[in-house]
């Protein structure tokens, strides 16, 4: 986010990053948002047409809203339209395109010395993994992401690395009953 630079274009990019990362919406869902879809007081974002045309409300944390605010202030000065819009020229206020977002994200990732290829969907995966690490129930993560199938959500959570899995299992509490208690029947 620091590599985005300064000015309205950078604020728009940072706004897009925080919405993708801190709410977990798809890029198409973020690009379809309007200012009226945001409810910062409740921490809610209304996705009017998610995948499969489904409507859902998602949450976004205070940190995300704080980092979206500079873009929202700039957005108020532009023509009414999509939340993430073209800033200059005759198309001002019209929706920003997925290709333009991807291009700007890739260019910024290179400036930030990110060595791997970067795609907006990775922010959605990061959101899911972070929520799981924070102990959020998988069914809440499923609803947040708008997945119809819990199996898809579990695929997202495969991003949890082996070290975390080993550490979690290693620090489990001892069993409540002795392991030998159940073996007496089989001896």
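Residue-level analysis places residue 15 outside the set of residues that are free of Cβ contacts under 8 Å to residues at least 24 places away in the same chain and within 17 Å of the chain's Cα centre (by Cα). In the set (1) in contact with a helix residue (DSSP H, G or I) (Cβ under 9 Å, 6 or more places away or on another chain); (2) over 23 Å from residue 6 (Cβ atoms); (3) free of Cβ contacts under 8 Å to residues at least 24 places away in the same chain, residue 95 fails one condition alone, (3).
When we screen 74, 87 for residues that are in contact with a helix residue (DSSP H, G or I) (Cβ under 8 Å, 6 or more places away or on another chain) and part of a loop (DSSP other than H, G, I, E, B), the only hit is 87. Residue 103 passes every criterion in (1) under 19 Å from residue 21 (Cβ atoms); (2) modelled with pLDDT of 90 or more; (3) surrounded by 14 or more Cβ atoms within 10 Å (Cβ to Cβ) apart from (3).
Are any of the residues in segment 12-23 touching a strand residue (DSSP E or B) at 6+ places or on another chain (Cβ under 6 Å), surrounded by 18 or more Cβ atoms within 10 Å (Cβ to Cβ) and either part of a helix (DSSP H, G or I) or modelled with pLDDT under 95 (or both)? Checked segment 12-23: at least one residue is touching a strand residue (DSSP E or B) at 6+ places or on another chain (Cβ under 6 Å), surrounded by 18 or more Cβ atoms within 10 Å (Cβ to Cβ) and either part of a helix (DSSP H, G or I) or modelled with pLDDT under 95 (or both). Against the conditions (1) in contact (Cβ under 8 Å) with a residue 12 or more places away in the chain; (2) touching a helix residue (DSSP H, G or I) at 6+ places or on another chain (Cβ under 9 Å), where does residue 57 fall short? Just the number, please. Only one criterion is unmet by residue 57, namely (2). With the requirement that a residue be within 16 Å of residue 14 (Cα to Cα) and not in a helix (DSSP H, G or I), what does segment 115-136 give you? Of everything in segment 115-136, those that are within 16 Å of residue 14 (Cα to Cα) and not in a helix (DSSP H, G or I) turn out to be 118, 119, 120.
Does residue 30 satisfy the criteria of being surrounded by 12 or more Cβ atoms within 10 Å (Cβ to Cβ), in contact with a helix residue (DSSP H, G or I) (Cβ under 6 Å, 6 or more places away or on another chain) and under 19 Å from residue 130 (Cβ atoms)? Taking the combined requirement at face value, the residue satisfies it. Take the residues in segment 33-47 that are in contact with a helix residue (DSSP H, G or I) (Cβ under 8 Å, 6 or more places away or on another chain) and surrounded by fewer than 17 Cβ atoms within 10 Å (Cβ to Cβ), then tell me which one is farthest from residue 87 (Cα to Cα). Going through the qualifying residues, I end up with 43.
In segment 59-66, the count of residues that are in a loop (DSSP other than H, G, I, E, B) and either touching a strand residue (DSSP E or B) at 6+ places or on another chain (Cβ under 9 Å) or over 25 Å from residue 128 (Cβ atoms) (or both) is one or more. Does residue 50 meet the test of being under 15 Å from the mean Cα position of the chain (by Cα), at pLDDT below 95 and surrounded by 20 or more Cβ atoms within 10 Å (Cβ to Cβ)? Judged against the criteria, residue 50 is not a match.
The values are calculated or read from the model by the stated rules, or taken from the named source; none is laboratory data. Predicted model, so just to flag it, every value in this text is computed and none were measured. Note that each Cβ is placed from the backbone with ideal geometry, even for glycine, and that neighbours are counted across all protein chains shown.
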